[in-house]
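For reference, the structure discussed in these notes is given below.
The values are calculated or read from the model by the stated rules, or taken from the named source; none is laboratory data. All values reported here derive from a predicted model rather than from experimental measurement. So basically every Cβ, Gly included, is an ideal-geometry build from the backbone, and we count neighbours across all protein chains shown.
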Amino acid sequence: MTLENVTLDFYQEEYRPKLKDYHLSEDQSRYTSMPLEAVEVCQKDNTRYPVVVLYNGDPAGFFVLHGWEGVKAYSQNRQAILMRGFSVNSSFQGKGIAKKSLSILDSFVTKHFPDKNEIILAVNHQNTLAQQVYIKSGYIDRGVRVMGRKGELLILHKAL
């Protein structure tokens, strides 16, 4: 299997049918929203950008990039962008898609948001699997903690 077939694209309506059939384990769905719910929020907030992770052209994952309105709860860096709601559809998990999509995220952000110099994210302290994936992908834990709706969040940073 090759992971060269993992790409990122801003959400388009053509992805909706496949995103309707998006599944997460009960444990995973505790920490993130479903893609189409997030798309609805994005449509009402022009500082949020829904992004689809494609594997061989099929929607396999999803996240939102959120500008200053999202960042300011976690960082003073106005040139940071927040990644939120990252997930990979259950049927695509275990293929390295999360890791590959995080590795190409830097160039995606640099291309589409050239004024940004950092990606930040908040991950629940109980979500240790996700923390490991982010840290292996170059995100750094600087010790910043924030209380979220579902408990303590670790704020991770990656310079661009």
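Observations, loosely collected:
- Scanning the stretch 11-33 for residues that are of a type in the set (A, V, I, L, M) and modelled with pLDDT under 95 yields a total of 1.
- Scan of the stretch 1-17 for residues that are loosely packed, with under 12 Cβ neighbours inside 10 Å and either small (Gly, Ala, Ser) or assigned to a helix (DSSP H, G or I) (or both), ordered by number: 13, 14, 17
- Number of positions in the stretch 48-77 that are polar (S, T, N, Q), loosely packed, with under 15 Cβ neighbours inside 10 Å and modelled with pLDDT of 95 or more: 1
- Residue list for the stretch 73-86, filter: under 17 Å from residue 142 (Cβ atoms) and either more than 17 Å from the chain's Cα centre (by Cα) or of a type in the set (S, T, N, Q) (or both): 75, 76, 77, 79
- Among the residues of the stretch 18-37, those that are in a loop (DSSP other than H, G, I, E, B) and in contact with a strand residue (DSSP E or B) (Cβ under 7 Å, 6 or more places away or on another chain) comprise 24, 31, 32, 33.
- Residue match in the stretch 106-113 (condition: of a type in the set (Phe, Trp, Tyr), touching a residue at least 60 places away in the same chain (Cβ under 8 Å) and in contact with a strand residue (DSSP E or B) (Cβ under 6 Å, 6 or more places away or on another chain)): yes
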